[in-house]
Amino acid sequence: MNRRRRIYEGKAKILYEGPEPGTLIQHFKDDATAFNNKKHEIVDGKGVLNNRISEYVFNNLNAIGIPTHFIRRMNMREQLIREVEIIPLEVVVRNVAAGSIAKRLGIEEGTQLPRSIIEFYYKNDELDDPIVAEEHVTAFGWATPQELDDIMALAIRVNDFLSGLFLGVGIRLVDFKIECGRLFEGDMMRIVVADEISPDSCRLWDIKTNEKMDKDRFRREMGGMLEAYQEVAKRLGILNENDRPAGSGPTLVQ
Ligand code: UDP
């Protein structure tokens, strides 16, 4: 099964050659990493949950006309995607102060921001993904000014959609990260949302209790990471008995 050609292996995912030209298979591993791989553990079943949650989000984005690389989920851990040229930026959208912005600007975690803020980080492990300005992005040619406009428009649309989606199931979308890629179709090129959108790449807080339902549980050694991801899936209505991952079963929060 895994004799397919491996194109790339990252911290949480592997990309294999797809069945047709222009396609790839994205495989979700159980590896949880933080602080640029300094903290690393295997969380049994995380890959299955992220595959399902990301499938759900990307299907909905496609359905409302936000272009993505996603084609379809293939099995518990894999999805078929379009091959894109990844733009080397982590695009972060923030609604509430948390994590690095809280630290950098001395804002108390949980403070609502005056408006949604978009930030760019240069994807480079050796440099620990430094924050960069639009000036750096265009001057160094990571994206053109037109592409940057498209990326920001996509990021805002994804934020609006995700904020509503999660609000509807009692979850506050504090912030999230997306990656974008260039999709070439004939002699046309457009920017699409790539990678994954899951509790690994979002901060999700319970509306009522502010309980963290995301990777901060792992980063901050709080425990209960898998249970929190299961709860997100359950609230989105996508956790059914058959795809319950190995490890502990879903536990009811509340
Ligand atoms: N994020 C991510 N991958 C990274 C860095 C950040 O998915 O390599 C996400 C993170 O989960 C959060 C948002 O981007 O939802 C903002 O992260 P932040 O800059 O606060 O950094 P952190 O505190 O996670 O190091």
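Laboratory data are not the source of any read-out in this text; all were calculated from the coordinates shown. Note that the coordinates shown come from a computational prediction; the quantities given were computed from them, not determined experimentally. Here the Cβ is made from the backbone with ideal geometry for all residues, glycine too, and neighbour counts use every protein chain on show.
Data for the structure
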| quantity | calculated |
| --- | --- |
| Exclusive hit being without any contact (Cβ under 8 Å) to a residue 24 or more places away in the chain and not in a helix (DSSP H, G or I), set Gly164, Gly141 | Gly141 |
| Single condition Ile131 does not satisfy, out of (1) without any contact (Cβ under 8 Å) to a residue 60 or more places away in the chain; (2) within 18 Å of Val192 (Cα to Cα) | (2) |
| Residues of region 86-119 that turn out to be part of a loop (DSSP other than H, G, I, E, B) and over 23 Å from Thr209 (Cα atoms), as a count | 3 |
| Unique match (being surrounded by 13 or more Cβ atoms within 10 Å (Cβ to Cβ) and touching a Gly at 6+ places or on another chain (Cβ under 8 Å)) among Val192, Val232, Val158 | Val192 |
| Hits in region 172-229 - residues which are away from the ligand (no atom under 15 Å from the Cβ) and basic (Lys, Arg) | Arg182, Arg190, Lys208 |
| Glu85 without any contact (Cβ under 8 Å) to a residue 12 or more places away in the chain and more than 12 Å from the ligand (Cβ to nearest atom) | no |
